[in-house]
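Take a look at the structure set out below.
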Amino acid sequence: EEFADGTVLALLDNGHWTQGEGDKYPVLGEIPGVTISGTVTSFNSDTDNITIELFAEGSASADYTATVKGNSAEYAIEGVAEGTYTMKVSKNNHVTREYTIEVGTEDLIQDAKIHLKGDINGDGKITIVDANRANLHFKNKSILSGYELLCADVNGDGKVTIVDVNRMNLHFKNKNKLW
């Protein structure tokens, strides 16, 4: 009875459900907005959650969220309204990465790649190459910026110091793992 008289429709009503006069049940219509999808590449555990969040311009909380698993994981977020968003991609032991995306009226593919802490070059492991790049940055001989700088800051204190370099060295020598 409650299905037929519209009571259930009123509980579901978010603009996606319709029910014609005489219909016994509500019917799911098209979800407004577009679909943002893509593949997230990550490393290490393929069972840890990868979280993809979309923050509308000026918003402090995520407007849309998807969670997937795997080191090459496909995601899809449906019903995204037009606008400018910051897409944050995060996973345990990885450095969160942000992308700015412009959502219009067409579906959008946005692939992402996140690196492990200390993995400056994004090859899935910490090697002497990563430690040397961090060391050159520390000595002001070759400056890291953007996401590479965030990956080199294994302590998360906002700068790359000899402590970060030493922690990377100890990690790749299997003496004291970062994760």
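Quick notes on this one:
- Output for segment 15-58, where each listed residue is over 26 Å from the mean Cα position of the chain (by Cα) and at positive phi: Gly15, Gly22
- When residues of segment 103-134 are limited to those that are touching an Asp or Glu at 6+ places or on another chain (Cβ under 9 Å) and charged (D, E, K, R), the one most open to solvent (accessible area, probe 1.4 Å): Lys125
- Positions within segment 73-105 being within 20 Å of Asp123 (Cα to Cα) and at pLDDT below 95, in sequence order: none
- Taking the criterion of being open to solvent by less than 90 Å² (accessible area, probe 1.4 Å), of a type in the set (Lys, Arg) and under 15 Å from Ser37 (Cα atoms), the only residue of segment 62-102 that qualifies is Lys88.
- Qualifying positions in segment 152-170 - surrounded by fewer than 15 Cβ atoms within 10 Å (Cβ to Cβ), within 19 Å of Lys125 (Cα to Cα) and either of a type in the set (Gly, Ala, Ser) or in contact (Cβ under 8 Å) with a residue 24 or more places away in the chain (or both): Gly156
- Scan segment 48-72 for residues that are more than 28 Å from Gly124 (Cβ to Cβ) and not in a strand (DSSP E or B) and the total you get is 6.
- Among the residues of segment 97-107, those that are within 15 Å of the chain's Cα centre (by Cα) and touching a residue at least 40 places away in the same chain (Cβ under 8 Å) comprise Arg97, Ile101.
The values are calculated or read from the model by the stated rules, or taken from the named source; none is laboratory data. From a predicted model like this one, the values you see are computed outputs, not experimental measurements. Here the Cβ is made from the backbone with ideal geometry for all residues, glycine too, and neighbour counts use every protein chain on show. All accessible areas refer to the heavy atoms of the entire protein, side chains included, with ligands and DNA or RNA removed. Shrake-Rupley method; radii C 1.70, N 1.55, O 1.52, S 1.80 Å.
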